[in-house]
1. Give the number of residues within the stretch 56-105 that are free of Cβ contacts under 8 Å to residues at least 60 places away in the same chain, under 17 Å from residue 43 (Cβ atoms) and buried (at least 18 other Cβ atoms within 10 Å of the Cβ).
2. Just name the residue that is farthest from the chain's Cα centre (by Cα) out of those in the stretch 109-123 that are assigned to a helix (DSSP H, G or I) and surrounded by 13 or more Cβ atoms within 10 Å (Cβ to Cβ).
């Protein structure tokens, strides 16, 4: 039988290991080199983590799969997302928060274009 103290020590050690692994995985989430969290700004986090680009690409892919957007229009919008993604990599690496905010606004504009370019099914 393991003394109660040793079970607590083992649980504490396991918790420390899990926290370390979780932190390492979270660091990998930020795709753009040179970007570090700490701005406490959701717009910067969304752009510099590539989360906003992945979200829009997913929405676009879903619309294409459901046949709710012209494939050529989808290609054009996807190319625009890719261009913004490349710009975001540069601006995030340079820690240019004003430019990153402009990119966030451009992502919002692309989201509106995706919405306008897709047609809704009448259920």
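Values quoted throughout were computed directly from the atomic coordinates according to the rules given, and no laboratory measurement underlies them. Everything numeric in this text was worked out from a predicted model, so none of it was measured. Heads up, the Cβs are rebuilt from the backbone with ideal geometry, glycines too, and the neighbour counts pull from every protein chain shown.
1. The number of residues fulfilling the criteria is 9.
2. If we filter the stretch 109-123 for residues that are assigned to a helix (DSSP H, G or I), which is where we start, we get 109-117.
Now narrow it down to the ones that are surrounded by 13 or more Cβ atoms within 10 Å (Cβ to Cβ): 110-111, 113-114, 117.
Values: 110: 15, 111: 14, 113: 19, 114: 18, 117: 23 Å.
For the stretch 109-123, the residue satisfying everything is 117.
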